[in-house]
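Heads up: the structure comes next, in structure tokens.
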Amino acid sequence: MFRLMRWIGLCFIILSFPFLAFAGEKTWQVVKSTHFNVFYKNAPQNELNALVQKAEECYDSIAEDFGFNRFDFWTWDNRAKIYLFDNQSDYQQATQSFDWSGGQVKISAKLIQSYAGAPGFLQSILPHELAHIIFVEMVGLNNPAVPLWLHEGVASYREKNISSVKALLADKIRQGGFLSLDALNKFDARSADSETVRLFYAESYSIVKYFIMEFGRDAFVTFCRNLRDNRNLMVALSRAYSFKDFNDFEASWKSYILK
Ligand SMILES: [Zn+2]
């Protein structure tokens, strides 16, 4: 999920003043890899190793998926940070997150937080949140031209299977219930039912898949650069993909789903 969370954190305090930890409490230790600093206290070594390995794999595969691999923005002092709390209770206390949350991202700080043994963290939450961070670095932080569907389409790019999503969406187009581009632009998760949320994610994913499969990664890089530099979605769509207008773009995306 894309959450620019309000984050008042214990982590900030510990990060800035590592020696102010409470008496008797273990301070954060760090494992450094090429693109990540992983902070932990008592997490098991095998879990840390698996986390570092998965994070580096994701970094490479996400950059590869979208053609961002000529950029290397996360080395040395610019590494992303992952805090792995010892348990769910410590994590919840420090991050003020919901009890169902297995991890969260603070994009502007390039920070991901989770806890040892969090269900689904390595397989789905970590790749999803890393893709959010990498994409935002490509298009610029708080860029109003970048719609939520594009953020979520990029972040969920590896989570779904395009054949089954196309079949589901083709049915929606034929039988009604498909969310128009305009509806995607106006989507607000807070007022949507779970079926609409699922559809929003499926359609967002299909648009990004459509960009990459039909036009390639170089065009997607051009699209992202245009979004970053011009901060105008239609300008970026027309320069990277030659769409005349939003209707032209929507019609072309829908015909990709139906073919
Ligand atoms: Zn997300």
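Residues of region 156-177 with the amide nitrogen closer than 15 Å to a label point 7 Å from the Cα of Glu250, along Cα-to-Cβ, please.
Those under the cut-off are 173-174, 176-177.
Nearest 10 degrees, 0 to 90: what angle lies between the long axis of helix 126-139 and the longest principal axis of the chain (Cα atoms)?
70
Looking only at Lys26, Lys209, Lys160, which one moves most when the chain is put into a Gaussian network model with springs between Cα atoms under 10 Å?
Lys26
Work out how much length Asp193 to Ser163 would gain on full extension: take 0.36 nm times their residue separation and subtract the Cα-Cα distance, in nm to one decimal. Write down the numbers at each step before the final one.
On the way: separation 30, 0.36 × 30 = 10.80 nm, distance 2.45 nm.
Full extension from Asp193 to Ser163 adds 8.3 nm.
For Lys209, list the aspartates and glutamates whose Cα falls under 16 Å from its own Cα; do not include residues on the same chain fewer than 8 positions away.
By straight Cα distance, Lys209 reaches Glu64, Asp65, Glu152, Glu159, Asp218, Glu250.
Quick one: helix 194-215 against the long Cα principal axis of the chain, what's the angle to the nearest 10°, folded into 0 to 90?
Long axis of 194-215 versus the principal axis of the chain: about 70 degrees.
Roll a 1.4 Å probe over the protein chains and send me the accessible area per residue for the chain in Å².
Values: 12770 Å² over 259 residues.
Ligands and nucleic acids excluded, the figure is 49 Å² per residue.
Where both partners of a DSSP beta bridge lie in the chain, what percent of those bridges are antiparallel, to the nearest 5? Could the numbers behind the result be given before it?
On the way: 8 of 18 bridges.
Rounded to the nearest five, the antiparallel share is 45 percent.
Nearest 10 degrees, 0 to 90: what angle lies between the long axis of helix 246-258 and the longest principal axis of the chain (Cα atoms)?
Its long axis makes an angle of about 90 degrees.
So if we plug the beta-carbon distance of Met234 and Lys41 into 1/(1 + (r/R0)^6) with R0 = 41 Å, what FRET efficiency do we get, rounded to 0.05? Working shown, then result.
On the way: r = 49 Å, r/R0 = 1.19.
About 0.25, to the nearest 0.05.
Would you mind calculating the relative contact order of the chain from Cα pairs under 8 angstrom and at least 6 residues apart, reporting the percent as a whole number?
Values: 313 pairs, mean separation 43.5, N = 259.
Relative contact order comes out at 17 percent.
Computing the accessible area with a 1.4 Å probe over protein heavy atoms, can you report the carbon and sulfur percentage for the chain?
Working: 6530 of 12770 Å².
Its accessible area is 51 percent carbon and sulfur atoms.
Please compute the length gained on full extension between Trp76 and Asp171, using 0.36 nm multiplied by the number of residues separating them and subtracting their Cα-Cα distance.
Working: separation 95, 0.36 × 95 = 34.20 nm, distance 4.85 nm.
The span from Trp76 to Asp171 would gain 29.4 nm if fully extended.
The values are calculated or read from the model by the stated rules, or taken from the named source; none is laboratory data. What you see is a predicted model, and the numbers here were worked out from it, not measured in a lab. We place every Cβ from the backbone using ideal geometry, glycine too, and count neighbours over all the protein chains shown. Just the protein is used for accessible areas: all its heavy atoms, side chains included, with ligands, DNA and RNA removed. Shrake-Rupley method; radii C 1.70, N 1.55, O 1.52, S 1.80 Å.
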